[in-house]
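Structure, as structure tokens:
Any read-out appearing in this document is the output of simple, stated calculations on the displayed coordinates, not a laboratory observation. Because the structure is a prediction, the values reported are computed rather than measured. In this analysis, Cβ positions are derived from the backbone assuming ideal geometry, glycine residues included, and neighbour counts consider all displayed protein chains.
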């Protein structure tokens, strides 16, 4: 299958200090791809650089066969990329419905009502809370609002930065199940995740990043069974 | 009681409307650009002079010439944003706050240069109050100010909650980084914040100038009360700023009423201290304001 997103030799960082160096990554269409690695490995920076939130110094990024390296975030959204940041990912004083609506502004869908219905069918919990301020919701519900907002622009690729950070184990399962549902609807997912073991179980492919460089890539299953990966990143226990 | 309404409550609502319209801009600019805009009072002055000049050439009712003042204030606000505030956008906001002090001085000096430092009136002659139900004696201007402010407040509410641009403004005010992630054009939101803030400031400037007279310090003298109104309503909450303005206006005027004896409760010359007192008390005891705004 051809790669929907292809990253080649990507170097980026802050204030001239590179956080990621020469990173390569391919994400095929309709797959769930997960980036794992120790703290400070540059996982979030990689995601932010793809979405033009962090300045790239070298390398190229192509999306759906089109070079997107020089584009701004506001230009990437209409092309079909959305992102859910790790923290502060909802507009707290806006209602749930308004949060979803803001998701359509950069790339207005043809039939907004239909997209809204589709998104709400993924997150039935939100249906009764549409008029409530997003800041009043629980962490898990906020994550749903954030994902819903990102899906309102009908993205082909959804970037998620640690979608389960700070959530209870029960919500962790719910969010991972939701990601499988999102993928079923034709959305490709690239996410950074701390809960590496669970994430690799639902992932088609995984990429391990260490000190800003590619360490190993493979299918989720292969990485779960890889001795080096298990020892270093999965707590050593059998998968 | 009738005296209280005619001489204290209605004038309080009138000056409160002026504060409210000015405070909306201060509150929105603080919410979206994250700095206290000290030139906002002088932006009111510029708007007021815009209409005063239009009256010289087109001698009709000044309120019908509001678009001239609004246009002048919008152009002035967009120009100072482009040349003074935008280059400082990425620095700590204190730089922009200080720059706005400079801009305030520039506006005031330009007003003195072009329109002289004296008092000027929009229309001369004695204006008789309108008598309603044989009891209420209310000036025509005060009624116009209160009704227009009410209409503007309702329109602003619908704009912020129903329109795409209004929601985008609230989104940027809430979480600017997330707004960028969602692909919103932050600079466009900032431009519209100036357009709306300047329009309301110009309207407030004309109201204030018509109620008394135009002079270069008109807006600057009202700045403290407008900041108090913005803090009272909750910073970054435009509807709160409207409520805050009306409350401060009424509090200032009614504080001079003969509540306890035949003497005014406080001397009218101290009434601007009421706004200051309310602001200090709020910052101490409820810094988020009435409408749960941002903490300063």
Candidates B:258, B:203, B:93; GNM for chain B (alpha-carbon contacts under 10 Å) flags as most fluctuating B:258
With the 8 Å Cα cutoff and a minimum separation of six or more residues, segment A:81-154 has a relative contact order in percent of 53 percent
The exposure ranking of B:34, B:286, fewest beta-carbon neighbours within 10 Å first, is B:286, B:34
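Per residue of A:85-92, how many C-beta atoms from partner chains lie within 10 Å of its own C-beta, taken as a mean? Walk me through the numbers on the way to the answer.
Values: counts 4, 0, 2, 6, 4, 3, 10, 3.
Average neighbour count from other chains, rounded to a whole number: 4.
Got the relative contact order for chain B handy, in percent, Cα pairs under 8 Å and 6 or more residues apart? Walk me through the intermediate numbers first.
On the way: 514 pairs, mean separation 102.4, N = 296.
Worked out over chain B, it gives 35 percent.
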In degrees, nearest 10, the alpha-carbon axis of helix B:40-57 is tilted away from the dominant principal axis of the alpha carbons of chain B by 60 degrees
Honestly segment A:28-67 on the Cα gyration tensor test (a ≥ b ≥ c root eigenvalues; a/c under 1.5 rounded, otherwise a/b vs b/c for prolate or oblate) is just oblate
Classified through the alpha carbon gyration tensor (a ≥ b ≥ c as square roots of its eigenvalues; rounded if a/c is under 1.5, else prolate when a/b is larger than b/c, else oblate), segment B:1-123 comes out oblate
Segment B:252-295 and segment A:106-136 have their Cα centres apart by a whole-number Å value of 44 Å
The helix B:140-162 Cα axis meets the longest alpha-carbon principal axis of chain B at an angle in degrees, between 0 and 90 and rounded to 10, of 30 degrees
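Starting from the Cα coordinates of segment A:13-154, work out the convex hull volume and express it per residue in Å³. Don't jump to the answer; show the numbers that get you there.
On the way: hull volume 19.0 nm³, N = 142.
Spelled out: Cα convex hull of segment A:13-154, divided by residues, is 134 Å³.
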Taking Cα pairs closer than 8 Å and at least 6 residues apart, the relative contact order of chain A in percent is 26 percent
Which of A:17, A:145, A:192 fluctuates most in a GNM of chain A (C-alpha springs under 10 Å)? That residue is A:17
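Rounded to two decimal places and with Rh computed the Kirkwood way over Cα pairs, what is Rg over Rh for chain A? Don't skip to the answer; put the middle values down first.
Values: Rg = 17.3 Å, Rh = 18.1 Å.
So for chain A, dividing Rg by the Kirkwood Rh gives 0.96.
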Candidates A:204, A:226, A:26; GNM for chain A (alpha-carbon contacts under 10 Å) flags as most fluctuating A:226
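Under the classification rounded if a/c is under 1.5, otherwise prolate if a/b is larger than b/c and oblate if not, where does the protein assembly as shown fall, given a ≥ b ≥ c as square roots of the Cα gyration tensor eigenvalues?
On the way: a/c = 2.79, a/b = 2.36, b/c = 1.18.
Prolate shape, in that a/c is at least 1.5 and a/b is the bigger ratio.
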Taking Cα atoms only, helix B:186-211 is inclined relative to the longest principal axis of chain B by an angle, in degrees rounded to 10, of 10 degrees
Rounded to the angstrom and largest first, Cα extents along the principal axes for segment A:81-154 equal 31, 24, 19
